[in-house]
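*Asks:* My questions all concern the structure below.
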Amino acid sequence: MRIQYKKIPEDLLRSLPDGMKFLMVKGQQFLVVLEVACPEGHSLMDEDVRIHGEPSIRIKVDAGKSSGHLFVDPFWGGHSKLYDFVPVMGARQKVLSVSCPVCGTSLMEKSACRTDACGAGDAFVLHLPGGKNKIHVCARLGCPGHHLEVLDMPLKLSDELDQIHYFQTYEDEIFGGI
Ligand SMILES: [Zn+2]
Ligand SMILES: [Zn+2]
């Protein structure tokens, strides 16, 4: 996949859900997660651990023989991650088990990843404010699959958003020094 900036669709200006915001970085517009929670309502945002200057999304992760916290990039399509442990995955296990770091409620769901050639059937869910809108993230280690589910958002728009990915090289270019 080529690394290139993908413009945020203009239509999103009219249907941006609560819990997400637009942010300009060096003249380019990005979509950033502002607030997500577990099903019990505990905020998953971590003000202290920032990625590209914004609060990260903190989740509890069981990765085979080890467990700890994973801090996820709040930039939509960004794939930076920070760990406070070393994930030791078994040879066969490639799927993370994700839960709320506050109450331990599982965030896992059965849902097929839409990314080509992934085929994972496990994802984790981040709840946007209001209880209806959600972000689904593929739980297979290394897969960039993610899907924004917003009530009343046209399917075409949500498909376009699912296709936005920025990879590390590109991130370093635009976010260098942050
Ligand atoms: Zn919780
Ligand atoms: Zn996947």
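The values are calculated or read from the model by the stated rules, or taken from the named source; none is laboratory data. Predicted, not measured: the structure shown is a model, and the values here were computed from it. We place every Cβ from the backbone using ideal geometry, glycine too, and count neighbours over all the protein chains shown.
*Asks:* Any residue in the stretch 14-36 that is more than 16 Å from ligand 1 (Cβ to nearest atom), in a loop (DSSP other than H, G, I, E, B), over 20 Å from Asn133 (Cα atoms) and in contact with a Ser or Thr (Cβ under 8 Å, 6 or more places away or on another chain)?
*Replies:* No, the conditions are met nowhere in the stretch 14-36.
*Asks:* Could you tell me how many of the residues in the stretch 104-163 are assigned to a strand (DSSP E or B) and either away from ligand 1 (no atom under 16 Å from the Cβ) or within 19 Å of Pro74 (Cβ to Cβ) (or both)?
*Replies:* So the count comes out to 17.
*Asks:* Could you list, in sequence order, all residues of the stretch 61-86 that are in a strand (DSSP E or B), in contact with a His (Cβ under 8 Å, 6 or more places away or on another chain) and surrounded by 15 or more Cβ atoms within 10 Å (Cβ to Cβ)?
*Replies:* Selection gives Val61, Phe75.
*Asks:* Looking only at the stretch 49-60, filter to residues that are touching a Pro at 6+ places or on another chain (Cβ under 7 Å) and either in contact (Cβ under 8 Å) with a residue 40 or more places away in the chain or within 16 Å of ligand 1 (Cβ to nearest atom) (or both); which one of those is farthest from Gly104 (Cα to Cα)?
*Replies:* This residue is Ile57.
Yes or no, residue by residue, for (1) modelled with pLDDT of 90 or more; (2) hydroxyl-bearing (Ser, Thr, Tyr); (3) surrounded by fewer than 18 Cβ atoms within 10 Å (Cβ to Cβ); (4) within 16 Å of ligand 2 (Cβ to nearest atom):
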site	(1), (2), (3), (4)
Arg114	no, no, yes, yes
Gly119	no, no, yes, yes
Asp122	yes, no, no, yes
His127	yes, no, no, no
Gly131	no, no, yes, no
Ile135	yes, no, no, yes
Cys138	yes, no, no, yes
Cys143	no, no, no, yes
Leu151	no, no, yes, no
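Let's see how each residue does on (1) more than 14 Å from the chain's Cα centre (by Cα); (2) in contact (Cβ under 8 Å) with a residue 24 or more places away in the chain:
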{"position": "Lys26", "(1), (2)": "yes, yes"}
{"position": "Glu47", "(1), (2)": "yes, no"}
{"position": "Leu70", "(1), (2)": "no, yes"}
{"position": "His79", "(1), (2)": "no, yes"}
{"position": "Val95", "(1), (2)": "yes, yes"}
{"position": "Cys103", "(1), (2)": "yes, yes"}
{"position": "Lys110", "(1), (2)": "yes, no"}
